[in-house]
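Where a number appears in this text, it was derived from the coordinates with a stated rule and is not lab data. For clarity, every value in this text was computed on a predicted model and none was experimentally measured. Ideal geometry is used to build each Cβ from the backbone, glycine not excepted, and the neighbour counts take in all protein chains shown.
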Amino acid sequence: MQDRQPTAPLFPSVNVTAAAPAPAAGAERLEHEHTRLLRDILAAQDRQNELLEELVSQLGSVQRQRNQELAQWKAANPALALNCRQAAEALSRVQTSFLMMLTDEVNANAEGLAEGEFLLSEFVDRFGPRLAHLNGVLQVLAQLSAQSTP
């Protein structure tokens, strides 16, 4: 039989008692500091929530006023609002046609646009301003002709 040599236990012994050791003065101070920091964070979050509520209230009141003015304009100019709707629909078809032409141009000259500064500049000069202005006009017509929301 081989002699066994004593080895250290695999798990250290654990003291399980009902009384917890008294915290040291440093630990008590650290706990107090954590509590103070958490309260400061909570106060900052409360202030941030108040500011966000105020911001939402102000933005909401501006939007409500704008919607009210637009509804009044539509009520005062019902025929013009209807004409704006018809114009927006017609211009939307023009925009679709323009976008088809634009995408055909891009697909046909994709390599040249990617490699050539001149070709890209000419493309942007040709389509950019028209597209920007067309989108702006469509947006105005759409806003003036949109159905009023309660």
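Calculated FRET efficiency, Val62 to Phe98, Cβ-Cβ distance, R0 = 41 Å: about 0.75 to the nearest 0.05. Where a ≥ b ≥ c are the square roots of the eigenvalues of the C-alpha gyration tensor, would you call the range 49-129 rounded, which needs a/c under 1.5, or, failing that, prolate if a/b is larger than b/c, or oblate? Taking the square roots of the gyration eigenvalues as a ≥ b ≥ c, the range 49-129 is oblate. Taking 0.36 nm per residue of sequence separation and removing the Cα-Cα distance, the Ala43/Ala146 pair yields an extension gain of 32.7 nm.
Maximal additional length on extending the Ala27-Asn135 stretch stands at 32.4 nm, based on 0.36 nm per residue less the C-alpha distance.
For the peptides 131-139, 55-63, 80-88, the ranking by mean Cβ contacts within 10 Å, running from highest to lowest, is 80-88, 131-139, 55-63.
Please work out the C-alpha center-to-center distance from the range 129-144 to the range 57-83 and express it in whole Å. With the range 129-144 and the range 57-83 each reduced to a Cα centre, they are spaced 18 Å.
Where Lys and Arg each count +1 and Asp and Glu each count -1, what net charge lies around Val124 among other residues with Cβ under 14 Å from its Cβ? Intermediate results must be reported in sequence, preceding the final value.
Values: positive: Arg126, Arg130; negative: Glu105, Glu117, Glu122, Asp125.
Net local charge, Val124 excluded: -2.
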